[in-house]
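The values are calculated or read from the model by the stated rules, or taken from the named source; none is laboratory data. As the structure is a computational prediction, the values presented were derived from the model and not from experiment. All Cβ positions, glycine included, derive from the backbone under ideal geometry; neighbour counts span all protein chains shown.
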Ligand SMILES: C[S@@+](CC[C@H](N)C(=O)[O-])C[C@H]1O[C@@H](n2cnc3c(N)ncnc32)[C@H](O)[C@@H]1O
């Protein structure tokens with residue numbers, strides 16, 4: 001999809017319908033304890049490595065217990081529940097009601113639902129004021145133009161740290177993305193949209209954000225760039 005053909009509303013509807021249906025089953029099993037194929041287990045493991053690093057970075061920012069954190073595109077709630085268990089207050093927002101319901105169910109089981117506000121909402125529309133914003137493996141589904149819009153909304157919701165992932169553009173990743181089409185249909189990844197470095201610099205510059213840390217996480221079929229940015 002090139003940026004001139006990008007339609008924000010249609011894109012949102014497509015993601016919502018995917019993550020409320022087939023995508024819910026797929027990602028709930030990757031983020032859960034089901035037995036997985038080799039390809040998907042590398043995604044589960046890579047995602048766990050990313051979350052551990054993100055949690056470490058968030059704690060290093062000195063965010064106090066009781067601080068309010070937005071987990072935008074919370075999925076099945078893995079990070080939200082981890083935050084709540086560590087004494088943070090959390091808003092868990094996701095465009096897919098199925099995902100929010102699963103987060104709530106698991107938070108109740110973990111005894112931390114009282115520390116979490118659950119909301120079915122998109123990263124473009126979620127509002128409020130937070131001490132930190134996290135957004136993992138959501139922006140990877142946005143082409144440059146949509147990325148800038150959604151990212152701009154998220155960054156307006158905090159004066160503190162923003163920790164998120166995106167898919168950086170590089171030839172190897174582009175190649176893997178391309179050969180992804182040769183995998184059996186059931187093994188294909190959700191479409192990943194890659195952001196060029198220049199585009200990322202442009203978006204951060206426009207919003208007055210500066211990079212504190214950046215780390216590429218690559219594990220089997222899981223590839224992402226984890227980034228921590230703050231206001232200058
Ligand atoms: C690959 S999952 C990642 C879930 C979670 N952040 C994690 O890392 O465990 C992507 C999630 O983003 C959500 N999502 C996709 N587009 C979204 C949007 N525009 N606004 C909010 N959530 C969105 C999906 O419903 C799905 O739960």
Worksheet item: Restricting the search to the range 36-46, which residues are farther than 27 Å from residue 161 by Cα, in contact (Cβ under 8 Å) with a residue 12 or more places away in the chain and surrounded by 13 or more Cβ atoms within 10 Å (Cβ to Cβ)?
Response: 39, 40, 41, 42
Item to complete: Keeping to the range 68-80, report how many residues are near the ligand (Cβ under 10 Å from one of its atoms) and in contact with a helix residue (DSSP H, G or I) (Cβ under 7 Å, 6 or more places away or on another chain).
Response: 9
Discussion item. For the list (1) part of a loop (DSSP other than H, G, I, E, B); (2) over 17 Å from residue 222 (Cα atoms); (3) touching a residue at least 24 places away in the same chain (Cβ under 8 Å), I need the number of the one condition that residue 33 fails.
Written reply: (3)
Item to complete: Considering only the range 47-67, state which residues are free of Cβ contacts under 8 Å to residues at least 12 places away in the same chain and within 14 Å of the ligand (Cβ to nearest atom).
Response: 48, 52
Fill in: Residue match in the range 87-99 (condition: part of a helix (DSSP H, G or I), more than 14 Å from the ligand (Cβ to nearest atom) and touching a helix residue (DSSP H, G or I) at 6+ places or on another chain (Cβ under 9 Å))
no
Item to complete: Take the residues in the range 183-217 that are in a strand (DSSP E or B) and within 16 Å of the ligand (Cβ to nearest atom), then tell me which one is modelled with the lowest pLDDT.
Response: 194
Worksheet item: Within the range 138-151, which residues are part of a loop (DSSP other than H, G, I, E, B), more than 7 Å from the ligand (Cβ to nearest atom) and under 12 Å from the mean Cα position of the chain (by Cα)?
Response: 142
Item to complete: Residue by residue through the range 110-137, note down the ones that are touching a helix residue (DSSP H, G or I) at 6+ places or on another chain (Cβ under 8 Å), assigned to a loop (DSSP other than H, G, I, E, B) and within 15 Å of the ligand (Cβ to nearest atom).
Response: 122, 123, 124, 125, 126, 136, 137
